[in-house]
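Participant: Structure in structure tokens, see below.
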Amino acid sequence: METTPVVEKRQLRQRKPPVAPAEPEFDSDEEVRGRSKRRKTTSRSIKKEKTPAEPDLESIPANGDDVAAQGNASGSQSNKGGRGKSRSTHTKRKTPKSSKAKAESVTDVAGDKKKKKSRSVVKGDTGADQIEKEEEENMPQDEEEAADGQAEEAAEPAKRVGKSRKSQASDAEVHAELVGDPIAHAVARERWPHRYRRKESGSSSLGHVRMETPEDIRARRHYDFCKVDGVMFELMDDAFVKAEDGQPDYICRIVEIFEGIDGKPYFTAQWFFRAEDTVLKECGKELDKRRLFLSEDRNDNPLDCIGSKLKIVRVESNTDLDAKSKRLPEWCNFYYDMSYAVAYSTFENLSPEVDTSKEVSTSIVSSESANKEKKDTKLSPSEKKTLRLLDLYSGCGGMSTGLCLGAALAGINLETTWAVDLNPHACDSLQINHPKTQVRNEKAEHFLSLLKEWEQLVDEFNVKNEHVVDTSGDLENSDSEEDHRTKLPKGVFEVDKLLNICYGDPHNIGTVGVKFLVRWKGYSSEHDTWEPIDGLCDAKERIKEFVVNGYKRNILPLPDTVDVICGGPPCQGISGFNRFRNGENPLEDEKNQQMLVFMEIVKYLKPRYVLMENVVDILKFSKGYLCRFAMASLVDMKYQARLGLLAAGAYGLPQFRMRVFLFGARPSEILPQFPLPTHNVILRGRGPTEFEPCLVALDENADRSVLKDELLLGDAISELPEVTNDELREEMPYGDGPRNEFQQYIRLSRRELLDYSFGNEDQEHKLFDHQPLRLNEDDFARVCKIPKRKGSNFRDLDGVKVGPDNICYLDSEIPRPVLPSGKPLVPDYAISHLKGKSLKCFGRLWWDETVPTVVTRAEPHNQIILHPEQDRVLTIRENARLQGFPDYYKFSGPIKQRYIQVGNAVAVPVGRALGYGLGRAFLKIKSDGPVFSLPSNFSLVGQVPQPKEGEVVLL
């Protein structure tokens, strides 16, 4: 069984220290943390010298390959476990005062139970436990086993153990000693107060002193220098640390050198990570082998664990993929440009708190390219008014709509400029609600090919140097009235104008490529045709005219012109209902190829920010390979990255839906933080244990009184007009007024929600899409017999009995009831579903319940979707409310297609909360930690919240 990498455990566990020998000048019960196999050290390790010895610097190989080879000499690369039996860091990531972000620790003393975040219970008996049990039973066996194996794997991480090195000439122990005069006692106590116990606890006239904790080794004295096997080391030197047999040597920075109260020499290591040591695992092996990531993780080790000295340089973060490796000096073994933290699997720009190097202010590699990027991405005052978003796999626009609403509340005008989706009905819905958006109904891979061809056309006609983007002007047209009246000979066709461009095969004739939609002179729109660009050689002027107008109208994005890319690439290959899933090589499955396409588009366009969404199964299938691949792709492109799991109900919706979100940010930007929950709800559907540090939730010690009560079904839909099974109206008046805060919010107009998709125009208050899927006569007859009470379902129909084992069966003592059509009242599939244990078939929801998740199908045959008091399924609008779509948001297409659009969408309030965090990042507002608390007036639309105490605006 593989083990969870060290990074997935580091902030979750602390180890109970063994007892150290008593010392006369300290308390006799002093505890010293150590390892089970102690290293022998020479008596010279505590010898004093009058002056510090000059560092006897070890020769450094000419390039990093020799040193990297040395690091791998002890064994092949494998998934890593913890930093061994070394002690937990004494410098923990600060928990933000405002957000109280989770950074909980769990002791692994025998018998202790692992601590969990506190989770509230939903009001009322919703039957959630039974439903969740049904879902587990319905899970395919291989997926269930994979999830269980991964949870077990994460629960018992292997441990990194710094091994004592043998002398290369013999089997003698390595000589490890402290060198030079100790650091002055007063100076040492000030720099490392946790190492020294005061005679009396508490505060003194000198001020507050941090009291000791069991994981800290107590020190007699600190040193600036040490020597291991004849090699001199100084504070802040970088070095290999001997690993367990069969594992590559670890890499660290020496941030403390001291003698413990047991008389033995120790050092404190601040750990570097290779990419494969992080959450990226095997996906990290494709990154530059010399690239490291500096962490805040620190622990104590015996001095004789230190191996050879290294030269590791810090380089400036930039997105030039070749700049770093080309500019590195030959004597450099490794380089680092980012930090890594287990909390939310965060790869982020280095901060002074993380990087304590003595050379932190001077980078070996010039920051010229980084400064150039910052200059290129700086917005002018006019550009700041509108930031451009590309929504890939957009569906009907749930995620981009939420992001724009949240950014607007933060004071940023973010606009969905482009959108791409393969579903034509979803494209129509998005276009109806965002009329200024360039919506493209095509494959994402064809869209990428079109972008590359479009850039070539723009360059060919030198458009960038002669024109500027101006979406407010009219299209240029060189045609004259005389041209339109010109009669052409029969059989002669002349291009009047080009209307659109695509890459693909719109006529399904077998040829894929760049094609223009042509309006022929003298013909109407009925005769418009798609023509390949190669067949328009005589229409160069028309092509140039189209390219100029298209560039000015910003019909397609060009590299470095996109501010945000968001999207949820479909990965149908991970579905448990796919019998032919490729768990060994997920990316070879055609159904998972869109993950590659999404990352290729990001790589090509180089947006300032990226936000990817997906289902929780992406963390479960194939040990989370696809999610790790996505993170590795961003990090390889020099993007910062952060992973989070968010529950829809935690942001003001009556459903449990959990989704995975991955933020990416260019090095010149602030990496967005995840918003903490605003509502007190139960959390279900969590990912594997390994990814628990990515769950966005309050710390167990946080003040939960600031959270609002969870929302229930009645809060969302109770005031909507009553409709029947065969409702035909597309729009209708509301009737009753709103009964609670949610209903007031969901009815707000576009302008009130700061949605300027229609400019300053607003629409009349009407209710759209309040139509249910029309059930056939048999299903409608069954629904009418389902009692209107909580928990009712097909088991309440005549002819059904339930045994003591909760398995239902047909009553053989009475004739089987039938419908007017002659079909059975209780269909066979209801009895056989989940081997007779199901509670879902023809299940009726109730007002005080929370919906597990909004589905894409409205059939009541295997899910609970009946209205509490009306004989029908929930309407499109009722489902849309459960997803947080404002009532003004219209949907297009057949009714079944509209259900699919709503069910596939990202919940709008979740997108809104993420958009607010994105807006903070655009404004350079940053607080400590990977999460932040949404302001108390977040739901008060139209008000722009101000930075809270402890937040910094970076200029």
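To keep it simple, each residue is scored yes or no on (1) assigned to a loop (DSSP other than H, G, I, E, B); (2) touching a Leu at 6+ places or on another chain (Cβ under 9 Å); (3) modelled with pLDDT of 80 or more.
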| residue | (1), (2), (3) |
| --- | --- |
| TYR340 | no, yes, yes |
| THR356 | yes, no, no |
| ALA370 | no, no, no |
| ASP376 | no, no, no |
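Participant: If we keep just the residues of segment 434-466 that are assigned to a helix (DSSP H, G or I) and touching a Cys at 6+ places or on another chain (Cβ under 8 Å), which is farthest from GLU541 (Cα to Cα)?
Facilitator: Filtering segment 434-466 down to residues assigned to a helix (DSSP H, G or I) leaves 444-460, 463-466.
Imposing the further condition that a residue be touching a Cys at 6+ places or on another chain (Cβ under 8 Å) reduces the set to 446, 450.
Numbers: HIS446: 25, LEU450: 20 Å.
Among those residues, the one meeting the criterion is HIS446.
Participant: Then there's this: Does any residue of segment 637-654 turn out to be closer than 27 Å to PHE674 by Cβ, part of a helix (DSSP H, G or I) and among the hydroxyl-bearing types (Ser, Thr, Tyr)?
Facilitator: Taking every residue of segment 637-654 in turn, at least one turns out to be closer than 27 Å to PHE674 by Cβ, part of a helix (DSSP H, G or I) and among the hydroxyl-bearing types (Ser, Thr, Tyr).
Participant: Across segment 507-531, what is the number of residues that are under 13 Å from GLU494 (Cβ atoms), among the charged types (D, E, K, R) and over 43 Å from the mean Cα position of the chain (by Cα)? Show your work before the answer.
Facilitator: Taking segment 507-531 and keeping what is under 13 Å from GLU494 (Cβ atoms), we get 518-523, 527, 531.
Checking the rest, the ones that are also among the charged types (D, E, K, R) come to 519, 521, 531.
If we keep only those that are over 43 Å from the mean Cα position of the chain (by Cα) too, we end up with 519, 521.
Residues meeting the conditions: 2.
Participant: Next question. Consider only pairs whose beta carbons are under 6 Å apart and that are at least six residues apart or on different chains; among these, list those whose first residue lies in segment 239-256 and is modelled with pLDDT of 95 or more and whose second residue is β-branched (Val, Ile, Thr) and assigned to a strand (DSSP E or B).
Facilitator: ALA239/ILE306; TYR250/VAL241; CYS252/VAL241; VAL255/THR268; GLU256/THR268
Participant: While we're on this one: Going through segment 684-701 one residue at a time, which ones are in contact with a Lys or Arg (Cβ under 7 Å, 6 or more places away or on another chain), among the aliphatic types (A, V, I, L, M) and crowded, with 20+ Cβ neighbours inside 10 Å?
Facilitator: Within segment 684-701, ALA697, LEU698 qualify.
Participant: Mind checking which residues of segment 718-742 are within 17 Å of GLY884 (Cβ to Cβ), modelled with pLDDT of 95 or more and polar (S, T, N, Q)?
Facilitator: Hit for segment 718-742 is SER718, nothing else.
Participant: In a helix (DSSP H, G or I) and small (Gly, Ala, Ser), is that true of ALA858?
Facilitator: no
Participant: Still on this structure: Being buried (at least 20 other Cβ atoms within 10 Å of the Cβ), assigned to a helix (DSSP H, G or I) and at pLDDT 95 or above: is that true of MET599 here?
Facilitator: The answer is yes for MET599.
Participant: GLY687 is checked against (1) under 23 Å from GLN594 (Cβ atoms); (2) within 11 Å of the chain's Cα centre (by Cα); (3) not in a helix (DSSP H, G or I) and fails just one. What number does that condition carry?
Facilitator: Of everything listed in (1) under 23 Å from GLN594 (Cβ atoms); (2) within 11 Å of the chain's Cα centre (by Cα); (3) not in a helix (DSSP H, G or I), GLY687 misses just condition (2).
Participant: Being assigned to a strand (DSSP E or B) and touching a strand residue (DSSP E or B) at 6+ places or on another chain (Cβ under 6 Å) is the filter here, so list the residues in segment 412-433 that pass it.
Facilitator: LEU414, THR416, THR417, TRP418, ALA419, VAL420
Participant: Could you tell me which numbered condition GLY398 fails, if it satisfies all but one of (1) at pLDDT below 95; (2) among the small types (Gly, Ala, Ser); (3) under 30 Å from PRO557 (Cβ atoms)?
Facilitator: (1) is the only condition that GLY398 fails.
Participant: Considering only residues that are of a type in the set (D, E, K, R) and modelled with pLDDT of 95 or more, look in segment 222-238 and name the one that is nearest to ARG195 (Cα to Cα).
Facilitator: Restricting attention to segment 222-238, the residues satisfying the condition of being of a type in the set (D, E, K, R) are 224, 227, 229, 234, 237-238.
Then drop every residue that is not modelled with pLDDT of 95 or more, which leaves 224, 227, 234, 237-238.
On the way: ASP224: 16, LYS227: 22, GLU234: 19, ASP237: 21, ASP238: 22 Å.
Looking at the filtered set, the residue picked out is ASP224.
Participant: Would you mind stating whether LYS540 is modelled with pLDDT of 85 or more, loosely packed, with under 15 Cβ neighbours inside 10 Å, among the basic types (Lys, Arg) and not in a strand (DSSP E or B)?
Facilitator: yes
Participant: Would you please name the residue that is surrounded by the fewest Cβ atoms within 10 Å (Cβ to Cβ), looking only at residues in segment 828-887 that are in contact with a Pro (Cβ under 6 Å, 6 or more places away or on another chain) and polar (S, T, N, Q)?
Facilitator: THR850
Participant: Here's another thing I want to ask about it. Collect the residues in segment 241-299 that are within 24 Å of MET338 (Cα to Cα), assigned to a loop (DSSP other than H, G, I, E, B) and hydrophobic (A, V, I, L, M, F, W, C), keeping them in residue-number order.
Facilitator: ALA243, VAL279, LEU280, LEU287
Participant: From the list ILE501, ILE565, ILE555, exactly one residue is within 30 Å of LEU923 (Cα to Cα), outside the structural domain of ASP391 (by TED's automatic domain parsing), at pLDDT 95 or above and surrounded by 15 or more Cβ atoms within 10 Å (Cβ to Cβ). Which is it?
Facilitator: On the way: ILE501 fails: within 30 Å of LEU923 (Cα to Cα); ILE565 fails: outside the structural domain of ASP391 (by TED's automatic domain parsing).
Every option except ILE555 fails the conditions.
Participant: Go through segment 726-750 and count every residue that is closer than 24 Å to PRO894 by Cβ and either assigned to a loop (DSSP other than H, G, I, E, B) or assigned by TED's automatic domain parsing to the domain that holds GLU415 (or both).
Facilitator: Qualifying residue count for the region: 5.
Participant: Tally time: how many residues in segment 419-454 are more than 18 Å from THR561 (Cα to Cα), in contact with a Lys or Arg (Cβ under 9 Å, 6 or more places away or on another chain) and of a type in the set (S, T, N, Q)?
Facilitator: Total meeting the criteria: 2.
Participant: Can you name the residue in segment 898-924 that is of a type in the set (A, V, I, L, M) and over 16 Å from the mean Cα position of the chain (by Cα) and is also modelled with the lowest pLDDT among such residues?
Facilitator: Out of the qualifying residues, it is LEU923.
Participant: Separate question: When residues of segment 877-895 are filtered for being assigned to a loop (DSSP other than H, G, I, E, B) and either under 16 Å from LYS766 (Cβ atoms) or touching an Asp or Glu at 6+ places or on another chain (Cβ under 9 Å) (or both), how many remain?
Facilitator: Qualifying residue count, segment 877-895: 9.
The values are calculated or read from the model by the stated rules, or taken from the named source; none is laboratory data. None of the values given here were measured: they were computed from a predicted structure. All Cβ positions, glycine included, derive from the backbone under ideal geometry; neighbour counts span all protein chains shown.
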